[in-house]
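The values are calculated or read from the model by the stated rules, or taken from the named source; none is laboratory data. Quantities reported herein were computed from a predicted structural model and do not represent experimental measurements. Note that each Cβ is placed from the backbone with ideal geometry, even for glycine, and that neighbours are counted across all protein chains shown.
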Amino acid sequence: MNILDTPLHPINVFLRSSAYTTMENKSNLIFELNTPVQSYPNMDILVSLDSFQFTNSFYTINENNRYFYYSYDAGFTFFVFTLTLGNYDIDTLLSYMNTLMNGFFTFTYNISTFKVTITSSDNRPFRLIGKTEFNCFEILGFDTNGTTTDAISCTSPYIFNLMSTQVLHITSPNININSVSVKNTRKYNILASVHVVCASGETQTYINTHGFKYKISDYSIPFINICIHDQDFKPVYFNNIDWFLNITFSFVYKKEFILPQYLHNMNTDSNISALEQEEDRNINKFLDEIDEEKKKV
């Protein structure tokens, strides 16, 4: 819990995706503030994403997974089919892919295992090539890197997954938050990660019920840059359906950091003096006890 101990009142900013100032791309929006969020050198700024509302308008096949790369010669030469963006269930998706790749591949799935089998139409050995990360292999239950050997037929090692957008990472690249991330990974300044639990076409609202706030390293924030990524940190496209969010900035005075006192980092002189005094008391007590014993004899 953070106690707001400064005269500066918290600042709440409401953002709507269509009310941006600058658009880098459809998932990277900049909102310029009419008054910068500012603090003083003796203060810290805390930021929190209080709420986020969106509509599940994500396509099954989108800009991040629309390519099917394959090769007949161990990957030295590759070919590609480009899938049409849209929503599919497994039957309509495989029916569409069978039509699109007629004469090249046949796609089937096992209703018990939910695994997809791809078969060469002319019995020519092939392999799936992860030429870019924007392929459809994960949707079909294969590794993003494709397959490692040539074969006439291959079955996916995993079940198909038609939920292409599972998590929304709401990030702000220009706000440098103090957070801990996994080693050797890029820092995205994630304000919140929201699991998508609503069905296609439905609306979902995230509320910051725990009240968590990040301390940030900036003293002046003239604009807010919002980027929304999926579970693989690829851009998320909402197909021109608005999202809404509330961000709060609050202020606290910097607190003095008090180091814990251990024996090895205490003041050496005072420590030795205290020990010597204690030892003298113990010696005197011991000598007094000896004198008392002699008197009894």
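Scanning region 72-87 for residues being touching a Phe, Trp or Tyr at 6+ places or on another chain (Cβ under 7 Å) and touching a residue at least 60 places away in the same chain (Cβ under 8 Å) gives a total of 2. Take D280 and decide whether it is over 30 Å from N42 (Cβ atoms), out of contact with any Pro (no Cβ under 7 Å at 6 or more places or on another chain), modelled with pLDDT of 90 or more and surrounded by 10 or more Cβ atoms within 10 Å (Cβ to Cβ). In short, no.
Yes/no per residue for (1) of a type in the set (S, T, Y); (2) assigned by TED's automatic domain parsing to the domain that holds E138:
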residue	(1), (2)
Y20	yes, no
I30	no, no
P36	no, no
N62	no, no
Y72	yes, yes
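Is it true that some residue in region 170-186 is in a strand (DSSP E or B), surrounded by 13 or more Cβ atoms within 10 Å (Cβ to Cβ), assigned by TED's automatic domain parsing to the domain that holds S48 and modelled with pLDDT of 95 or more? Yes: region 170-186 contains one or more residues that are in a strand (DSSP E or B), surrounded by 13 or more Cβ atoms within 10 Å (Cβ to Cβ), assigned by TED's automatic domain parsing to the domain that holds S48 and modelled with pLDDT of 95 or more.
Among residues of region 1-16 that are over 15 Å from D44 (Cβ atoms), those with a Cβ under 6 angstrom from a residue that is at pLDDT 90 or above and of a type in the set (D, E), sequence gap 6+ or separate chain, pair up as R16/D242. Whether a residue is surrounded by 18 or more Cβ atoms within 10 Å (Cβ to Cβ) and outside any strand (DSSP E or B) was assessed, and Y206 does not pass this test.
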